[in-house]
Amino acid sequence: MTFDGPCAVWYGRMSNLTKNKINKMNYLKLLLVATLLSFTSAHAKDVKVKHTFAIENGNFLYDGKAIQLHSGEMHYARVPAPYWRHRFKMMKAMGLNAVATYVFWNYHEVAPGVWDWKTGNKNLRAFIQQAAEEGLLVILRPGPYCCAEWEFGGLPAWLLTKEMRIRSSDPAYLEMVGRYYDHLLPRLVPRLLENGGNILMMQVENEYGSYGEDKTYLREIRRLMEERAVSCPLFTSDGPWRATLKAGTLIEDDLLVTGNFGSKADFNFSQMQEFFDEHGKKWPLMCMEFWDGWFNRWKEPIIKRDAEELAEAVHEVLEQGSINLYMFHGGTNFGFMNGCSARGTLDLPQVTSYDYDALLDEAGNPTAKYHAVKKMMATYYPEYPQLEPLYKESMEMKSIPLVEKVSLFATLDSLASPTESLYPKKMEELGQSYGYLLYRTEASWDAEEERLRIIDGRDRAQLFIDGKWIATQYQTEIGEDIFCQGEKKKLSQIDILIENMGRVNYGHKFLADTQRKGIRTGVCKDLHFLLNWKHYPLLLDNPEKIDFSKGWIEGQPAFYAFDFEVETPKDTYLDCSEFGKGIAFVNGHHLGRFWNVGPTLSLYIPHSYLKEGANRIIIFETEGEYKEYIHLTSKPTFKHIKGENL
């Protein structure tokens with residue numbers, strides 16, 4: 001074996017004594033770092049230099065030379081675009097050579113046929129380009145289904161209005177996937193490695209072996225990609241045991257198989273190797289999702305993992321194969337894009353923070369895990385160049401005063417135009433995918449106490465009679481009797497505010513009725529359904545529409561505005577611990593949901609969302625719990641919840 005190009009120069013600088021001391025393993029490692037240096041140099045100067053990537057004889061080959069992939073997962077949708085380069089530099093500082101990301105379909109097709117690839121954090125091409133400029137290869141995971149603790153696993157909610165079976169070979173579903181690829185893949189193909197870019201390989205579907213065994217579907221996804229000029233190596237990723245590998249892979253079609261796990265690499269890789277041997281495949285082993293932390297759900301303890309134990313577990317993986325650290329940096333589920341777990345008849349929504357107890361925290365600073373893994377890699381893999389990590393400053397600000405407030409019902413007409421129907425309609429039927437939906441009707445009381453029931457609804461319902469809060473029901477509570485006092489023969493206004501708290505992102509409930517949000521059947525008074533409903537879709541995507549000149553009534557859902565001045569913007573956290581439940585905005589940016597049940601009690605504010613000078617935070621609070629002052633903190637706020645560290 002000989003070196004050429006930059007490899008030859010680098011190797012030639014060694015003394016003969018040093019060269020003679022290199023054993024076979026070190027030789028391969030030195031070859032790898034020389035190849036990586038060649039990649040970094042080429043891409044930093046000219047992203048159009050073409051390279052090759054192949055899978056042969058149990059190795060990944062970059063320009064014909066063996067390479068081990070040390071990758072970190074980061075989703076561009078969860079990180080403000082001005083911070084992407086910082087996170088890439090943090091990857092390089094630890095010695096990584098690749099970044100992996102999902103592409104969330106519903107993040108870009110914001111309504112049927114309406115696409116957004118430019119605003120906010122949505123410029124995927126810029127993300128890939130910046131990775132190239134920082135010397136990182138890219139592993140693309142384009143769905144159509146992603147999981148990732150993201151709303152509906154990245155699938156558009158409007159698919160639920162179509163006659164189709166998602167994640168299957170149903171032609172109606174495949175037609176929609178093909179249309180998605182028509183918009184996505186032309187943006188990626190010019191950036192394939194062989195075309196002078198840095199996209200190394202792409203994934204087919206995601207963890208399909210944990211959902212189905214429709215191999216026709218997987219083959220159709222592959223065909224749709226290849227027909228649109230995707231020529232890089234393709235792969236699947238699944239749980240490492242035989243049942244999922246058998247159901248979710250295309251090993252019989254020679255499509256690379258990777259595994260997902262978070263510990264016990266020896267055992268899990270042995271299961272994968274046994275599956276490879278069974279099919280006569282001499283492939284490199286790779287953990288495509290090595291879970292270095294975990295996500296969090298409302299009302300549950302924060303999940304933590306010991307840093308030193310993680311470093312040892314990562315080393316165990318690297319002794320046998322390649323790795324993608326899931327997550328290297330988690331970021332934030334801005335807006336309404338948090339996912340939801342499914343457990344029996346319950347859905348368990350996840351919190352806004354996607355910190356994940358990852359190697360970088362939610363704000364992008366290195367954690368104890370980062371330092372432990374970096375130290376381990378420096379010890380056992382010194383051929384991977386490392387740099388000093390970067391740190392970001394944060395700020396605090398106490399007692400920011402409330403300047404104006406308005407009740408939701410008072411400003412309702414400025415936020416939404418009502419749609420009328422005889423019976424209540426589901427959120428999706430109204431063309432709405434996320435947020436809140438207010439239902440309104442009128443009824444006369446036939447007794448001094450009436451019984452009301454919301455029949456078949458999700459996720460969280462608040463009932464108001466003539467503007468007064470009566471009851472809140474959550475998930476399986478919806479449908480229980482609600483007894484309301486009133487004046488006989490009096491006409492009363494009935495308002496029901498429904499919150500969609502997020503659709504499932506994993507499991508077998510994608511087609512369940514619970515994923516269709518709002519009131520699905522109707523509302524009964526006594527024993528009959530009430531008629532003549534108005535629907536106010538509250539996407540709350542433009543807080544400028546809030547009319548603060550209107551009135552405020554205690555106990556109603558309301559908007560609260562807080563103005564403050566900033567001299568030098570820095571990252572910070574909005575302490576929501578003294579508010580009940582709702583969402584928050586800063587300068588029009590939707591920070592996500594808060595809920596005082598915990599475990600998170602604050603919302604991350606990136607410094608790029610702040611301005612020098614005047615700033616405004618608007619809080620939409622639904623429980624009638626608020627304070628005259630808010631506080632910004634330098635660190636997140638948590639509620640301690642006793643329970644198992646899952």
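Being part of a loop (DSSP other than H, G, I, E, B), of a type outside the set (Lys, Arg) and open to solvent by 50 Å² or more (accessible area, probe 1.4 Å) is the filter here, so list the residues in the stretch 618-635 that pass it.
The answer is Glu623, Glu625, Tyr626, Glu628.
What's the number of the condition Gln273 fails, among (1) open to solvent by 20 Å² or more (accessible area, probe 1.4 Å); (2) more than 30 Å from Asn338 (Cα to Cα); (3) touching a residue at least 60 places away in the same chain (Cβ under 8 Å)?
(3)
Looking at Val110, is it under 20 Å from Asn505 (Cβ atoms), free of Cβ contacts under 8 Å to residues at least 12 places away in the same chain and among the hydrophobic types (A, V, I, L, M, F, W, C)?
Judged against the criteria, Val110 is a match.
Does the stretch 470-496 hold any residues that are more than 29 Å from the chain's Cα centre (by Cα), open to solvent by 50 Å² or more (accessible area, probe 1.4 Å) and among the charged types (D, E, K, R), and which are they?
Result: Glu480, Asp481, Glu487, Lys488, Lys489, Lys490.
Do we have Thr441 as among the polar types (S, T, N, Q) and either under 27 Å from Met337 (Cβ atoms) or open to solvent by 40 Å² or more (accessible area, probe 1.4 Å) (or both) here?
Judged against the criteria, Thr441 is not a match.
So which of Phe336, Phe290, Phe328, Phe269 is of a type in the set (Phe, Trp, Tyr) and closer than 20 Å to Trp595 by Cα?
It is Phe336.
Considering only residues that are within 23 Å of Lys392 (Cα to Cα) and in contact (Cβ under 8 Å) with a residue 60 or more places away in the chain, which ones fall in the stretch 577-606?
Within the stretch 577-606, His589, His590, Leu591, Gly592, Thr600, Leu603, Tyr604, Pro606 qualify.
Within the stretch 59-76, which residues are out of contact with any His (no Cβ under 9 Å at 6 or more places or on another chain), buried (at least 19 other Cβ atoms within 10 Å of the Cβ) and among the hydrophobic types (A, V, I, L, M, F, W, C)?
Phe60, Ile67, Leu69, listed by residue number.
Scan the stretch 577-617 for residues that are open to solvent by 10 Å² or more (accessible area, probe 1.4 Å) and among the aromatic types (Phe, Trp, Tyr) and jot them down.
Of everything in the stretch 577-617, those that are open to solvent by 10 Å² or more (accessible area, probe 1.4 Å) and among the aromatic types (Phe, Trp, Tyr) turn out to be Trp595, Tyr609.
Can you name every residue in the stretch 447-476 that is within 24 Å of Gly502 (Cα to Cα), in contact with a Cys (Cβ under 9 Å, 6 or more places away or on another chain) and in contact (Cβ under 8 Å) with a residue 40 or more places away in the chain?
Listed by number, the residues that qualify are Arg453, Ile454, Ile455, Asp459.
Does the stretch 224-242 contain any residue that is within 22 Å of Ala172 (Cβ to Cβ), among the acidic types (Asp, Glu) and assigned to a helix (DSSP H, G or I)?
There is at least one residue in the stretch 224-242 that is within 22 Å of Ala172 (Cβ to Cβ), among the acidic types (Asp, Glu) and assigned to a helix (DSSP H, G or I).
Considering each of Glu621, Glu625 in turn, give the residue that is charged (D, E, K, R) and more than 18 Å from Leu538 (Cα to Cα).
Glu625
Mind listing whichever residues of the stretch 512-530 are in contact with a Gly (Cβ under 9 Å, 6 or more places away or on another chain), hydrophobic (A, V, I, L, M, F, W, C) and open to solvent by 30 Å² or more (accessible area, probe 1.4 Å)?
Across the stretch 512-530, the qualifying residue is only Phe529.
Please state which of the following conditions Glu312 fails to meet, knowing it meets all the rest: (1) more than 30 Å from Gly582 (Cβ to Cβ); (2) buried (at least 24 other Cβ atoms within 10 Å of the Cβ).
All conditions are met except number (2).
Among the residues of the stretch 136-170 satisfying the criterion of being assigned to a loop (DSSP other than H, G, I, E, B) and among the acidic types (Asp, Glu), which is most open to solvent (accessible area, probe 1.4 Å)?
Top of the filtered list is Glu163.
Looking only at residues that are polar (S, T, N, Q) and not in a loop (DSSP other than H, G, I, E, B) in the stretch 248-304, which one is nearest to Lys581 (Cα to Cα)?
So the residue we want is Asn260.
Suppose we keep only residues that are open to solvent by less than 60 Å² (accessible area, probe 1.4 Å) and within 32 Å of the chain's Cα centre (by Cα) within the stretch 420-433. Which one would you say is farthest from Phe562 (Cα to Cα)?
Step by step, filter the stretch 420-433, then rank; the result is Pro424.
Look at Lys509 and say whether it is over 28 Å from Ile619 (Cβ atoms), among the basic types (Lys, Arg) and open to solvent by 10 Å² or more (accessible area, probe 1.4 Å).
Here the answer is yes, as Lys509 does meet what is asked.
Suppose we filter the stretch 531-541 for residues that are open to solvent by less than 60 Å² (accessible area, probe 1.4 Å) and closer than 24 Å to Pro156 by Cβ; how many remain?
Selection size over the stretch 531-541: 5.
Here's the yes/no breakdown for (1) in contact with a Gly (Cβ under 6 Å, 6 or more places away or on another chain); (2) farther than 22 Å from Lys517 by Cα; (3) open to solvent by 40 Å² or more (accessible area, probe 1.4 Å):
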{"position": "Phe104", "(1), (2), (3)": "yes, no, no"}
{"position": "His108", "(1), (2), (3)": "no, no, no"}
{"position": "Gly113", "(1), (2), (3)": "no, no, yes"}
{"position": "Gly120", "(1), (2), (3)": "no, yes, yes"}
{"position": "Ile128", "(1), (2), (3)": "no, yes, no"}
{"position": "Ala172", "(1), (2), (3)": "no, yes, no"}
{"position": "Pro186", "(1), (2), (3)": "no, yes, yes"}
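The values are calculated or read from the model by the stated rules, or taken from the named source; none is laboratory data. Treat the numbers as computed from the prediction; the structure is a model and nothing was measured. All Cβ positions, glycine included, derive from the backbone under ideal geometry; neighbour counts span all protein chains shown. Each accessible area value is taken on the protein alone, full model and side chains, heavy atoms only, with ligands, DNA and RNA left out. Shrake-Rupley method; radii C 1.70, N 1.55, O 1.52, S 1.80 Å.
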